[in-house]
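One structure is given below, encoded as structure tokens.
The values are calculated or read from the model by the stated rules, or taken from the named source; none is laboratory data. Here the structure is a predicted model, which is why all the values come from computation and not from measurement. When we count neighbours, we look across all protein chains shown, and the Cβ atoms used for this are built from the backbone with ideal geometry, even at glycine.
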Amino acid sequence: MDLVDEREITANDVRKPLFLDRVKLLDLVTRIVPSTFFLLVVLQKANEQYAFMMKGQSPGNEPAWKFVADLVSRSSAICFLGLLAVLFLIRLEPIKKAKGIWPRAMAIAGTFFVALVTFFPRANLSMTQTVVASLLSLVGTGLSVFALAHLGRSFSLMAEARRLVTTGPYRIVRHPLYIFETVASLGVMLQFLSFFTVLIFLAYCFLQFQRMKNEEAVLEMAFPEYQAYKSKTARLIPGIY
């Protein structure tokens, strides 16, 4: 009987390190893969920006104001993507995750769905429309960088709980990053305005709303104090919703 017990204990001791090694490997992969992806996108965007700047220096190109607006908008997007690449590497390990495939599928779709808009031809906008679209994109991206920097190592792509953040923009609403990203996405959509891009944007908004609900469910399970925070903090619009 003692021999059997010793064997069982030994087997359990062997399985445990192997399981921990697999968990650490998975965590490493989920950090490096998305970080590398966003870093490659940053490099591509930086190369495009360099080409854009060189083009802007040639005579007979678009008006100076439009060139500057596009340049600033592109720069803010690069900062946002670069910050994502860094945060994926340094973020904390999750203490709670959503169960099932749908929360994960919605998170991935919500992150990349709006990029489909850029595959459509650019809309022929007036100067006023171009300024409005550029400002929305610029302001939304700039505020997204601010919210993301404040979220810091608690940042998640999936519905996961790492640390409860209730300060800064999260003191005003529960999902400021989603609001700012949607504003930036609206600016992008307007630059490619068509019936189909509007449908894509509406689908994107639906996915983001579902992501909020998935994240709140995980946070409620992970942090007992989240219920009190939720009861006194609006989801998206203070005093309304």
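Put simply, of G100, G152 the only residue that is assigned to a loop (DSSP other than H, G, I, E, B) and either of a type in the set (S, T, Y) or modelled with pLDDT under 90 (or both) is G100. Of the residues that sit in the range 115-137 and are modelled with pLDDT of 85 or more, part of a helix (DSSP H, G or I) and hydrophobic (A, V, I, L, M, F, W, C), which one is farthest from G82 (Cα to Cα)? Among them, the one singled out is V132.
For the range 155-183: of the residues being small (G, A, S) and at pLDDT 90 or above, which is surrounded by the most Cβ atoms within 10 Å (Cβ to Cβ)? Reasoning before the result, please.
Restricting attention to the range 155-183, the residues satisfying the condition of being small (G, A, S) are 156, 159, 161, 168.
Pick out the ones that are also at pLDDT 90 or above and you get 159, 161, 168.
Working: A159: 26, A161: 22, G168: 13.
This residue is A159.
One line per residue, one yes/no per condition, for (1) within 19 Å of A161 (Cα to Cα); (2) touching a residue at least 40 places away in the same chain (Cβ under 8 Å):
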position: F192; (1), (2): no, yes
position: Y204; (1), (2): no, yes
position: Q208; (1), (2): yes, yes
position: R211; (1), (2): yes, yes
position: N214; (1), (2): yes, yes
position: A217; (1), (2): yes, yes
position: R235; (1), (2): yes, yes
position: G239; (1), (2): no, no
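Could you please let me know if L125 is touching a residue at least 60 places away in the same chain (Cβ under 8 Å) and either over 12 Å from the mean Cα position of the chain (by Cα) or closer than 26 Å to L39 by Cβ (or both)?
So L125 fits the description; yes.
Annotation note: of L190, L236, L199, L207, the sole residue that is more than 23 Å from C79 (Cα to Cα), in a helix (DSSP H, G or I) and over 16 Å from the mean Cα position of the chain (by Cα) is L199.
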